[in-house]
Amino acid sequence: MIDKLYDLKKTQTDQKLMQKGQLQSKIDHIDTEVLLTQNKINTTGVQKYGAISDFTILAMHKNTMKLHIQKLEQQKKVYVSQLEGIVKEIIELQKEAEQYEYILSEEKKQRVLKVLKAEQEAADEYVQSKYISG
């Protein structure tokens, strides 16, 4: 039974680690997209002698990109909070798995001690039977 619980906790931990990797990948993607958008804001311009409307369109375009960055930052905050929750869950699952692993090792030690005790008793009986018959 403890074996099954230990395996379950290990499996759950592995699943949470995969989720953590996926969230981290999404966060990295958002960071990359923010950098690209920020670069576009910095490098977008109009012709030196363009119409007044060019400046208005440029301002609207830059504002739209800034809004896009804000939305990405909000999404990143959500992912970061989810990532923190998953990290806490991983820690708890690892603690539980370690507890079950300790119980399994203690049970194994007890079985080994029982086998050694049985062998010692068999050896003592053998020596006694040799002594009595000898």
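The values are calculated or read from the model by the stated rules, or taken from the named source; none is laboratory data. Bear in mind that the values here come from a model prediction, so they are computed numbers and not experimental data. As a convention, Cβ positions derive from the backbone with ideal geometry for all residues, glycine included, and neighbour counts pool all protein chains shown. Heads up: the accessible areas ignore ligands, DNA and RNA and are worked out on the full protein's heavy atoms, side chains in. Shrake-Rupley method; radii C 1.70, N 1.55, O 1.52, S 1.80 Å.
If the condition is being within 22 Å of the chain's Cα centre (by Cα) and surrounded by 11 or more Cβ atoms within 10 Å (Cβ to Cβ), then the stretch 1-11 contributes 5, 6, 7, 8, 9, 10, 11. Which residue is modelled with the lowest pLDDT, if the candidates are limited to the stretch 9-59 and must be β-branched (Val, Ile, Thr) and touching a helix residue (DSSP H, G or I) at 6+ places or on another chain (Cβ under 7 Å)? The selected residue is 46.
Looking at 62, 76, 66 in this structure, which one is surrounded by 12 or more Cβ atoms within 10 Å (Cβ to Cβ) and at pLDDT below 90?
Working: 76 fails: at pLDDT below 90; 66 fails: at pLDDT below 90.
That would be 62, the only listed residue that is surrounded by 12 or more Cβ atoms within 10 Å (Cβ to Cβ) and at pLDDT below 90.
Taking the criterion of being of a type outside the set (Lys, Arg), more than 17 Å from residue 73 (Cα to Cα) and open to solvent by less than 70 Å² (accessible area, probe 1.4 Å), the residues of the stretch 12-46 that qualify are 12, 13, 21, 44, 45, 46.
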